[in-house]
Structures are given as C-alpha cells and as structure tokens.
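Working notes, structure below.
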Amino acid sequence: MARVVLKSLTKLFRDVVAVDDLTLEVEDKEFLVLVGPSGCGKTTALRCIAGLEDVTAGEIYIGDRLVNDVSPKDRDIAMVFQNYALYPHMNVYDNMAFGLKLRKFPKAEIRQRVASAAEMLGLQGLLGRKPRELSGGQRQRVALGRAIVREPKVFLMDEPLSNLDAKLRVQTRAELIKLHRRLGITTVYVTHDQTEAMTMGDRIAVLNDGKMQQVDSPLALFNRPVNMFVAGFIGSPAMNFLQATLEADDGRIYVTTEGLRLKLPERHAARVQNRVGRAVVFGVRPDDIYDRSLGPPASDGTEATLTVDVTEPMGSTVYVYLTAGKHALIADLDAETGARDGEPLDVVFDMGKAHLFDPETEAVLT
C-alpha cells in the first residue's frame with residue numbers, strides 16, 4: 001500500500017485554473033473523499049494522480065516515488081470510472097482479466113485473482129455474461145472487480161455510483177465501505193454528493209473553484225466548518241444563512257435581524273465581543289431548530305415565533321419552511337410537529353450549535 005501526496009498541484013487548461021495550488025496528503029490505507037460542486041477541480045485532481053492529465057506545476061508522490069513523469073500504467077494505481085468503461089464484446093471474466101493479460105500474468109494466477117474478486121463481489125454466476133446482460137449495479141461491481149484483481153497500491157474512483165438509482169446507490173455504498181475495510185487499499189474517491197462523502201470517507205477534502213477549503217473528518221466538517229462554503233455544502237438540508245447584527249444588552253450579546261433576536265451563549269459571545277454593532281452572517285442548521293412544544297426546553301433568548309410557509313412530510317421528520325421578517329429558513333422538525341401552512345409556530349434555536357461568519361471574508365467567527 002502507499003501514501004498519496006500532492007504538493008502545490010496546479011493544473012491549467014489554457015487560461016482556466018482547474019486546480020489551484022492543491023496540497024494534500026492521503027495516508028496509507030485511508031479512504032479519502034474529494035467533494036465539491038461541478039467544476040471545482042476534483043476530477044481533474046484525480047486524473048492528475050492517475051497520470052491522465054499532465055501537471056502544470058507541483059509534485060505528485062505515490063509512496064516515496066515522484067510520479068509526475070511516470071506513465072499511468074506504471075503508477076500502480078487502478079481507476080474506476082463513472083461510466084464503468086467495460087468492453088462490450090467481452091464477458092465479465094475477460095473484462096476483469098484484461099489488465100492482467102496485458103501484463104503477461106500466468107493464466108493460473110489470473111484465474112485465481114478473478115475467482116477471488118468475483119466471490120468477494122458476488123459475481124460468481126455472472127462471469128460468462130456480456131455487459132449488456134447486466135444491471136447497472138452488476139456492471140459497477142465488474143468495474144470494481146477489474147480494479148481489485150490488479151492489487152494496486154491505490155484505488156482512484158471517479159463518481160462510481162452516480163449512474164445508479166437511489167436504492168442501489170445506498171446498497172453499493174455500503175458494499176464499497178466493507179470492501180475497503182477488507183482490502184485496506186489507499187483510496188481517493190471523487191463525488192459531488194455530500195451524503196456519499198459523509199458516510200464513506202475517513203476524511204473529506206472540500207474543494208471549490210480549484211482551491212482546497214478544508215480537510216477533516218466528516219463530523220469535524222459538519223460541526224466545525226472553517227467558512228460559509230463548507231458550512232453550506234456539508235449537511236442536508238443546507239445550513240440557513242441570515243444577514244444579522246450583533247447587539248449588546250445588559251452584559252449579553254444578541255444576534256438580531258428582522259423577525260429574530262437570539263442570545264448567544266457565553267462561549268460564543270466571548271469570541272465576538274469586539275464585533276458588537278457590526279454585521280455578521282448567522283448560520284444555523286435545519287436540525288438545530290425545534291418545535292417549542294416538542295423540542296428541548298427553551299432558555300431565555302433562544303425562542304421565536306415564525307410563520308410557516310410550506311411543510312414537506314419526509315416520514316420520520318418534516319421539512320418546514322419558515323419566514324422571519326424578510327428571511328426564509330428551513331427547519332427539520334419531528335413528524336409530530338403541529339406546524340401548519342400559513343400559521344405561526346413557536347420554535348427554539350440551539351444557539352450552542354449555531355455559527356457566526358464574517359460577511360466579507362466568509363470565515364467562521366464562532
């Protein structure tokens with residue numbers, strides 16, 4: 001196995017900066033997810049690691065080896081593509097064995113590796129079928145099997161689940177997690193789906209406009225985002241952001257905006273004493289807003305009465321769209337909520353989990 005290290009990686013397409021001074025270390029046996037919106041540079045970074053794109057500047061190491069000028073076939077990596085990239089005229093066995101045949105592996109070893117991977121992925125009864133005779137999930141497993149038989153130092157996966165339906169995506173996601181735990185191969189996984197990133201990654205690297213925003217564990221990204229982009233991208237439904245002002249009253253600090261006046265807890269207030277009277281962005285996650293009749297007891301300055309615009313029952317919870325003055329918020333409430341369209345609702349904000357951001361730099365303040 002091997003570490004993957006990117007040092008100041010930059011990739012330009014003419015005048016377009018696809019990857020901008022990206023520095024990242026993927027530890028041996030780690031499952032690291034590159035996540036971000038379309039066009040953020042995550043697939044380009046993966047293709048640079050694979051050797052499918054030339055690097056404009058910076059260095060790429062696999063293990064202790066600088067691979068900038070090493071051809072893709074000699075980097076000891078295996079890549080799983082979004083579109084499976086199976087040979088339509090070959091059956092499952094030949095698709096999985098093709099790379100080994102090119103490398104002149106003995107036939108007996110090829111049979112052993114393919115049989116082992118097929119058993120691991122539940123493909124034993126499908127080895128004689130052509131790709132057109134397989135479902136989407138089966139094709140994806142064949143593509144994974146083709147990578148597994150290589151026994152590479154590093155797996156590179158480019159949105160491998162995006163072509164699957166929702167139910168199969170969840171199932172295959174769990175299979176990939178179990179597979180990684182069993183094989184322990186260093187994996188770099190690209191996705192735009194933050195749910196995939198949160199559930200699969202040992203760590204997550206969040207990219208935007210080619211730049212690294214934050215690298216951390218899933219829970220750390222969720223609970224301690226470094227800026228508004230990370231806070232808004234990680235979590236579903238997305239965090240609510242409201243333009244607000246900090247006010248001091250009787251030794252306490254309040255976040256005030258049209259329709260809301262909420263007291264900051266002491267540990268947050270101590271960090272923004274010098275910003276009283278100035279503008280901030282108030283961020284609160286939908287699941288940190290509660291129906292007052294069902295949620296935790298309200299403390300002084302954490303409750304408000306808002307107007308319900310729309311309710312969306314989701315089964316165990318209800319997405320409730322609320323209005324506070326000119327601001328719109330979404331709350332993820334218990335299914336027992338009494339929220340009704342067009343009626344007022346008393347809610348409680350968990351201010352201990354709320355965040356404040358600088359409106360100019362978008363960096364987190366609390």
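How do Lys263, Lys211 rank by accessible surface area computed with a 1.4 Å probe, from largest to smallest? Intermediate values should be presented prior to the final figure.
On the way: Lys263 45, Lys211 100 Å².
Most to least solvent-accessible, the answer reads Lys211, Lys263.
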message = Give me Rg/Rg_expected for region 1-134, where Rg uses Cα atoms only and Rg_expected = 2.2 N^0.38 Å with N residues.
response = 1.25
request  = Looking at the chain, send over the antiparallel percent of its DSSP beta bridges, to the nearest 5.
outcome  = 75 percent
message = Give me the percent relative contact order of region 173-218, please, defined on Cα pairs under 8 angstrom at least 6 residues apart.
response = 28 percent
request  = Please determine, in degrees from 0 to 90 and to the nearest 10, the orientation of helix 136-148 with respect to the longest principal axis defined by the Cα atoms of the chain, where the helix direction is its Cα long axis.
outcome  = 60 degrees
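Give me the mean projected area, in nm² to one decimal, of the convex hull enclosing the Cα positions of region 85-224. Could the numbers behind the result be given before it?
Working: hull surface 38.2 nm².
Mean shadow area of the hull around the Cα atoms is 9.6 nm².
Note down the magnitude of the dipole of region 245-317 about its Cα centre, charges +1 on Lys and Arg C-beta and -1 on Asp and Glu C-beta and zero elsewhere, to the nearest 20 debye.
Values: 9 positive and 12 negative charges, 84 e Å.
Taking the Cα centre of region 245-317 as origin, the dipole is about 400 debye.
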task = Using Cα pairs closer than 8 Å and at least 6 residues apart in sequence, work out the relative contact order for the chain, in percent.
result = 15 percent
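Given a 1.4 angstrom probe, what's the average accessible area per residue across region 168-234, in square angstrom? Can you show the working numbers first?
Numbers: 2740 Å² over 67 residues.
Heavy-atom accessible area per residue stands at 41 Å².
Over the Cα atoms of the chain, what is the Rg over Rh ratio if Rh follows Kirkwood? Walk me through the numbers on the way to the answer.
Working: Rg = 24.7 Å, Rh = 23.1 Å.
Using Cα coordinates only, the ratio equals 1.07.
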request  = Quick one: angle between helix 107-121 and the longest Cα principal axis of the chain, in degrees between 0 and 90, rounded to 10, please.
outcome  = 30 degrees
request  = Could you tell me the accessible area of Phe155 in Å² (1.4 Å probe, neighbours in place), rounded to the nearest ten?
outcome  = 10 Å²
key: Cα-based shape type of region 122-203, given that a ≥ b ≥ c are square roots of the gyration tensor eigenvalues and the cut on a/c is 1.5   = oblate
note = The helix 92-102 Cα axis meets the longest alpha-carbon principal axis of the chain at an angle in degrees, between 0 and 90 and rounded to 10, of 70 degrees
ask   = Spin-label point model (7 Å from Cα, Cβ direction): what's the Ala85 to Leu52 distance in nm?
value = 0.4 nm
key: Dipole of the chain, positive end: most advanced residue of Ala18, Thr172, Pro359 [Cβ charges, Cα centre]   = Thr172
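The values are calculated or read from the model by the stated rules, or taken from the named source; none is laboratory data. The structure displayed is predicted, hence computed values, not measured ones. Ideal geometry is used to build each Cβ from the backbone, glycine not excepted, and the neighbour counts take in all protein chains shown. We work out accessible area using only protein heavy atoms, side chains counted, and drop any ligands, DNA or RNA first. Shrake-Rupley method; radii C 1.70, N 1.55, O 1.52, S 1.80 Å.
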